[in-house]
Amino acid sequence: MDYETIDADSFGRNLRGIGLNLLVRDVGAQVAFLETVFDMQAHQPTADFAIITYGSQVFQLHSDGTYHSNPLLSLLPETPPRGAGIEIRLYDTDPDIAAERAEAAGGTILQAATDKPHGLREAFILCENGYAWVPSRPKD
């Protein structure tokens, strides 16, 4: 799938498996954060939407305004954190580098990079929309 040129109808028809769609206040700001901190790539970003790739994985960002007739909009909290309860785990991202970048980009470090007993070194980073991003790699 060519994410740079695909139209919305074809994009939707080609999605498979589990999908992730994050509702955000400012798509451009979220795109900048994801590209800066995690080396993700945005495709066809607009004020309302972006296709995001992380390696071979794909997910979407939508602005709140695009959900005007979606039942989820009425459930969004007025105050952050809006993404409470979900961890977005990035198994191919160095947690030390990501935490350093996140701090410089205005993210909140919930937990610095730490070796865990389950075999991973990971950090917990909160973006301005309240989603917990967990970059991790196998520990040394």
Requested in this report: For an R0 of 35 angstrom, estimate the FRET efficiency from the Cβ-Cβ distance between Lys116 and Ala29 and round to the nearest 0.05.
Outcome: 0.70
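To check you understand DSSP bridge types, tell me what percent of the beta bridges within the chain (both residues inside) are antiparallel, rounded to 5.
Details: 19 of 27 bridges.
Given both bridge residues lie in the chain, the antiparallel proportion sits at roughly 70 percent.
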Query raised in the report: Using the alpha-carbon atoms, what tilt in degrees (0 to 90, nearest 10) does helix 27-38 show relative to the longest principal axis of the chain?
Result: 30
Query raised in the report: Taking θ as phi - 60°, what are the ³J(HN,Hα) couplings along the range 56-64 by the Karplus curve (6.51, -1.76, 1.60), each to the nearest whole Hz, with x for Gly and Pro?
Result: 8, 8, 10, 8, 10, 10, 10, 6, 3
**Report entry** Acute angle (nearest 10 degrees) that the helix 95-104 long axis makes with the longest principal axis of the chain, alpha-carbon atoms
**Finding:** 70
Report task. Sketch the reach of a paramagnetic label on Thr36 as a point 7 Å from Cα along Cα-to-Cβ, and name the residues of the range 98-121 whose backbone nitrogen lies under 17 Å away. Result -> 98-110
Requested in this report: Using only Cα atoms, locate the centre of the range 110-139 and the centre of the range 18-39, then give the distance between them in Å, rounded to an integer.
Outcome: 17
Report task. Amide H neighbours of Ala132 under 5 Å, at least 5 residues apart or on other chains, H built in the peptide plane: list them. Result -> Ile86, Ile88
Query raised in the report: What residues from the range 96-134 fall in the zone where the backbone N is under 19 Å from a label point 7 Å along the Cα-to-C-beta line of Asp140?
Result: 96-101, 112-123
Query raised in the report: In deg cm²/dmol and to the nearest 500, what is the mean residue ellipticity at 222 nm of the chain if only DSSP H runs of at least 4 residues count, each as -39500 (n - 2.57), divided by the residue total?
Result: -6000 deg cm²/dmol
Query raised in the report: Using a Gaussian network model of the chain with C-alpha springs under 10 Å, which one of Asp26, Asp48, Asp115 is most mobile by mean-square fluctuation?
Result: Asp115
Requested in this report: Would you grab the residues whose amide H sits under 5 Å from the one on Gln111? Only those 5+ places off in sequence or on another chain, please, with H modelled 1.01 Å from N.
Outcome: Phe124
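Using a 1.4 angstrom probe on the protein heavy atoms only, could you order His68, His62 from most to least accessible area? Display every interim value, and only then the final one.
Working: His68 145, His62 35 Å².
I get His68, His62, largest accessible area first.
The values are calculated or read from the model by the stated rules, or taken from the named source; none is laboratory data. Note that the structure is a prediction, hence the values are computed from the model and not measured. Positions of Cβ are generated from backbone atoms using ideal geometry, with glycine treated the same way; all protein chains shown enter the neighbour counts. Calculation scope for accessible area: heavy atoms of the full protein, side chains included, ligands and nucleic acids excluded. Shrake-Rupley method; radii C 1.70, N 1.55, O 1.52, S 1.80 Å.
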